Structures are given as structure tokens and as C-alpha cells.
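The values are calculated or read from the model by the stated rules, or taken from the named source; none is laboratory data. Just so we're clear, the structure is a prediction, and the values are computed from it rather than from any experiment. Quick reminder, even Gly has a Cβ in these numbers, built from the backbone with ideal geometry, and neighbours come from all protein chains shown. Heads up: the accessible areas ignore ligands, DNA and RNA and are worked out on the full protein's heavy atoms, side chains in. Shrake-Rupley method; radii C 1.70, N 1.55, O 1.52, S 1.80 Å.
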Amino acid sequence: VKAPGTGRGAARASLALTLMVGLAACGSRKNHGGSAGGGGGKTVEVALTDAGCEPATLDLAAGAVTFKVSNKGTDKVSEFEVTDGTRILGEAENVTAGLERTFSLNLEAGDYVLQCPGGSSAARGTMTVSAGSAAAADADLTAAADHYRRYVARQAGLLVSSTRTFVDAVVAGDVAAARQAYAHQGHGAGRRQAARRRDRAPAEDRRRRRRQGQPRRLAGSFDAVRPALDKRDTDLGTEIQSRFEAADQSLLPYRQGSGHIADDQLTATDIRELCQAIDALAEPLSRVGAKLVAS
Amino acid sequence: VLPTFIIALREGVEASLIVGIIAAFLGQQGRRDALRWVWIGVTLAIALCLAVGIGLRLVGENLPQAQQEGMEAIIALVAVAMVTYMIVWMRRHARAIKRTLEGEVAEALVTGSLLALVGMAFFAVLREGFETAVFLLAVFESASDPAAASIGAILGLMVAAVVGYLIYKGGLRINLARFFRVTGAVLALVAAGLIASALHAAHEATWFNILQARAFELSWLVAPGSVRAALLTGMLGLRPEPTVGEAIGWLLYLVPVGLYVLWPDRRRAAPRRRSTVVTTVEGTSR
């Protein structure tokens, strides 16, 4: 339950956070799973029993998976198959009591059918593979992470230089110059941190943020992660895209020159409308990280 | 019965059936000299399969399952062509065989088809051999009761070899002229079963993915894990749960070829129906 006032900040923050957390997690996962080419990756143990497949429901992350199929002593079932409903993707045959066979698959996200012919209650099973550490999507994630890393570095650079100007002005006791420097401080995270550092009243803090900082196109950073997201969930990407456009639209009336009008000219209604657009964007955005690292 | 026995029996029979049919056919044609080449081909295939099985085990690799199934599908289809050729050959020469003395060559087999038959025996063993070799080695090493499981597997292969030998001996003893229709019908069933097996293997090789719904339930007849199932699957390609595609393929082969085998020999029978009956009666009384 978000107060309307925190919504705007939360939108930007959650975008930054989801991307950061998501991509950082993806990045590290890639490093760990780097050798997951042939037969590596995760190992899933499946036992053949009189009932059939044990377990009969599997939830896995996309990527390289090795199935270790063992027969714990049933005479009725000796085969395990992974199919996508029509096509057999991998199988272990003739696994009689005490035997163990392995096979490896590179699984993409989706629903699969497991088959253990001859079993009683679990002759068929289901396997749900969720997107996540998919080796195939690593390239997209790496690109998005690189893009975001450059973005953060750029913002950090701006923050350092503009903060220096501001601090110099404060030290010199030049209040007017300090105000101006603060107003011109960098965008995004830098501006917020500076604002916090100045220990302003929250309301003023928020107002400043809006006045100085709306990027020309809100969706800028999202574009970088879009290809990786589309591989997992195209609907979510489309939804976020349209919310971004709606948020951009809601800002149009306040355009002035190359920027926007000062926020002390906004009415309470204006602010509420802007908040609603940003909140509507924040919600689907908050799901991006989970999608990218889901396992 | 031990499951390893069942599996070894099924895989073994799938190979020995084809070899037995080829050997019997060659024997019928009086080409026992060619039998030696059949045995050499079979021995080579067994050696090759064991070598591959041991090799894979040594380097810790799995048999590439999809490729293996693809090979099974192709060899099964070639076997269908061969059995069909035999059916046609017998049908064409049934009358000639009838007229000549027993054991005499009705018409010399072309060298080409002789080679093809020998090659077929080799490939028939190869078709099931890789999988069986891998299975055997796994059983020797790591079954929960290795001794019993190994004995079961070896017994299964021995019984399969005996089945092949019986087919050969029985095939030799059959009076082709007299029992042509029966022999032809059995061969048509075998070939139709090979079609179903080929389609099944093709599905496992991911080549054939349509019509995979279960056509009907045969597990009352082909109860999984039973000796009967091993023999029915191995010889006639029957499975507990045939798919629609397999059933269609089976029928598409069996109906026309079955009709071809069973259709009365109108061309000659029509004008001399009575004499045909007489010949048959004479044949029976001989």
C-alpha cells in the first residue's frame, strides 16, 4: 500500500532496483553456469517406480539440465521420456532395477510432458520450465547489464562533478550559486542521493525531483533489458511499454522549452494524475526482475 | 520373470527374426553357401556393437539416443523393403517352385540381391545391437542384483537366438509352394510390424511427430514386462499403446500387401480352376 507521494520516487527507484538486482543476479549466474555447455548444468534425479515417474511434477529453471534416471526396483517401468507434448526431446530406455541412465537437455521455458510408460498412477507427469538462467538468453542479459553498468557509471560521474560544484558553492557561502548548482545536479540516482544528503523536507525533496529530473523518454533504460525480457514474457514487455508511453503522455502538458515547468506550479490534481501514471508503470516494472531471475 | 530377460529377449528377437527369415529364404533358394556370409555379417555386427558399447562406457558417454533411434527407423524401413521383396518373389515363383523338385533352385537369385540379403542380416543385428550392448554392459556393472540380472539378460539373448534358429529351421521345412499364402501372410504381418516399429523409432528420433495420440489399448495382449509382450513386440511390432500414426502405417502396409498375398491367382486359376484344385490336392497328399 503505497502513499501517492512515494509513488513517483518508487517508480524510478524500482526501475533502477529491479534492473540492478535482476541483472546483477543474472550476471553472477552466468559466471557460475559458464561451463554449462555440454551435459553440465543442473542435475535432476528421477526415480522409476511402480507408479511411474517419481517425482511426477518437476519445476526447473531454463538451461542445461541433466536427468539422472534410476530404477529403484520396479519391474513395470523401464523408460523415462521428456516430451514437449508431441516431440520426444530426451529419453532413457531399458532402465531396469538398479540401473541408472543419464541424458542432458538444454531446456527452454515452457510446459513439458514426462512419460514413464507402464506406470500406474504416474505414467505421465508434467514439467514446468521457467525462464531464468537460460544459457541462451545470457547474451541479451549481458548486453542489458553492460548497458546499465554504463548508465550507472555515467550518472555517478555526473553526480560527482555536480556535487563538487554544489559543495564548492556551499563552502564559499554562496547560497544562490549553491541553489543553482543543486538545481542542475545530475539526473536519477545522483539527484536523489544528493537530495537526501541535503536532508530536505520530504515534500520539497519530491518536488525538486520532479522538476529537475524527468528524463526525456522514460523508457530509456528499459529498452536495454527488453530483448531479454521478451524471450521470457512478451506480454509483460508490451504492457510496460504502453505504461511508459502513458506516463510520457501524462507529462506532455507540463512541457516547457527543453524541460518541464517548475513543480510549484502544479495543482494537487496534476500531482495525483502524474502519480497514477507512474504507479501504473511501477507495478509491471516491479515484476521484471523476478522474470529475469526466476528459477 | 526377470526384467532384464524380457528386454534382452525383445531386443534379441527383433534382430534374430530378420536374420532367421533371411537364412530360411536363402536356404529355400538352395543358397546355403551364402549362409556363411550371413553368419560372418552377424558376427561382425555383434563385435561392432560390443566394441561401441565398451568404447562408450570407457569414455563415459551415452549412446546418442535420437541418432540411435533414427538408425533403427531407417534399418527397419529397409527391412520392410526386403521382406516385401521376398513376398513378391515368392508370389511370383510359387508356381515355379511348385513344379520343380524340392530343393531345386527355381530361379537363381541375382548376386546383387544376395549381397543385399547378407547386408540386411548385418544391419538387422546392428539395429538392436548398440542398444543391447549398452544395456548389457550396464547390467553387468550396476544392476541391483548383477548376477541375476546378467543371467537374465544373457538367457534372454540366448532364447532370442533360439527363436531365430527355429524360424530358420521352420522356414526351411516349410513347403513354400504349399504354404506360400501362410508364409506370405506371416511375412506381411512381420513387415507391417516393422513399419510400426520404424514409425515408433522415428518418433523417438524426433522425425515423426504427428498422429501421436493413443489409438487403442493393447496392454491386455502386450502386457508390459511379460514374455508374450517381448515376443509380440519383437516379432510383430505390437506395442501396449499404439499411436494413431503407427496404427495407420500398419494398416496401410498390411491391407494391400495382405490382399496381394491372399488374392486368388486369377490369371491362371480362372481358366483352369478345377485343375488348380487337383494340383493342390495332389500337393497335399504328397
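Observations on the model:
- Residue satisfying condition, being under 27 Å from A:Val225 (Cβ atoms), surrounded by fewer than 20 Cβ atoms within 10 Å (Cβ to Cβ) and more than 11 Å from chain B (Cβ to nearest Cβ), within set A:Ala62, A:Ala139, A:Ala131, A:Ala144: A:Ala139
- Where B:Tyr260 falls short, out of the listed (1) open to solvent by 40 Å² or more (accessible area, probe 1.4 Å); (2) within 14 Å of chain A (Cβ to nearest Cβ): (2)
- The condition of being over 29 Å from A:Asp75 (Cβ atoms), at pLDDT 85 or above, open to solvent by 60 Å² or more (accessible area, probe 1.4 Å) and more than 18 Å from the chain's Cα centre (by Cα) does not hold for B:Leu101.
- B:Ile210 being at the interface with chain A (Cβ under 10 Å from one of its Cβ atoms), on the phi < 0 side of the Ramachandran plot and not polar (S, T, N, Q): yes
- Residue in the stretch B:43-60 that is within 21 Å of B:Ala192 (Cα to Cα), open to solvent by less than 20 Å² (accessible area, probe 1.4 Å) and either part of a helix (DSSP H, G or I) or modelled with pLDDT of 85 or more (or both) present: no
- Test: residue in the stretch A:219-233 that is among the small types (Gly, Ala, Ser) and not in a helix (DSSP H, G or I): yes
- Single match in B:Ser150, B:Ser142 (criterion: in contact with a Gly (Cβ under 9 Å, 6 or more places away or on another chain), polar (S, T, N, Q) and within 14 Å of chain A (Cβ to nearest Cβ)): B:Ser142
- The residues of the stretch A:74-101 that are open to solvent by 50 Å² or more (accessible area, probe 1.4 Å), free of Cβ contacts under 8 Å to residues at least 40 places away in the same chain and within 7 Å of another protein chain (Cβ to nearest Cβ), listed by number, are A:Asp75, A:Thr86, A:Arg87, A:Glu100.
- Extreme residue, farthest from the chain's Cα centre (by Cα), among residues of the stretch A:258-293 that are at pLDDT below 80, crowded, with 18+ Cβ neighbours inside 10 Å and part of a helix (DSSP H, G or I): A:Asp263
- Test: B:Arg10 is closer than 19 Å to B:Val162 by Cα and surrounded by fewer than 17 Cβ atoms within 10 Å (Cβ to Cβ): no
- Residue among B:Ala81, B:Ala66 that is outside any loop (DSSP other than H, G, I, E, B) and at pLDDT 90 or above: B:Ala81
- Unmet requirement for B:Ala47, which otherwise passes all of (1) within 17 Å of the chain's Cα centre (by Cα); (2) more than 22 Å from B:Ala198 (Cβ to Cβ): (1)
Condition check ((1) more than 14 Å from chain A (Cβ to nearest Cβ); (2) in a helix (DSSP H, G or I); (3) free of Cβ contacts under 8 Å to residues at least 12 places away in the same chain; (4) touching an Asp or Glu at 6+ places or on another chain (Cβ under 8 Å)) across all residues:
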{"site": "B:Ile6", "(1), (2), (3), (4)": "no, yes, no, no"}
{"site": "B:Leu9", "(1), (2), (3), (4)": "no, yes, no, no"}
{"site": "B:Gly12", "(1), (2), (3), (4)": "no, yes, no, yes"}
{"site": "B:Leu17", "(1), (2), (3), (4)": "yes, yes, no, no"}
{"site": "B:Ile21", "(1), (2), (3), (4)": "yes, yes, no, no"}
{"site": "B:Leu26", "(1), (2), (3), (4)": "yes, yes, no, no"}
{"site": "B:Gly30", "(1), (2), (3), (4)": "yes, no, no, yes"}
{"site": "B:Ala34", "(1), (2), (3), (4)": "yes, yes, no, no"}
{"site": "B:Val38", "(1), (2), (3), (4)": "yes, yes, no, no"}
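- Top-ranked residue in the stretch A:102-123 [being within 14 Å of chain B (Cβ to nearest Cβ) and part of a loop (DSSP other than H, G, I, E, B); ranked as farthest from A:Thr66 (Cα to Cα)]: A:Ser120
- Comparison of B:Leu252, B:Leu218 shows that the only residue that is modelled with pLDDT of 95 or more and either farther than 25 Å from B:Val88 by Cβ or not basic (Lys, Arg) (or both) is B:Leu252.
- Count of the stretch A:48-59 residues which are in contact with a Lys or Arg (Cβ under 7 Å, 6 or more places away or on another chain) and surrounded by fewer than 19 Cβ atoms within 10 Å (Cβ to Cβ): 1
- Any hit, the stretch A:236-245, residues being open to solvent by less than 50 Å² (accessible area, probe 1.4 Å) and more than 26 Å from A:Ala109 (Cα to Cα): yes
- Odd one out for B:Val159 among (1) away from every other protein chain (no Cβ under 12 Å); (2) farther than 19 Å from B:Thr43 by Cβ; (3) open to solvent by less than 30 Å² (accessible area, probe 1.4 Å): (3)
- Yes/no for A:Arg211 being within 19 Å of A:Asp263 (Cα to Cα) and at pLDDT below 65: yes
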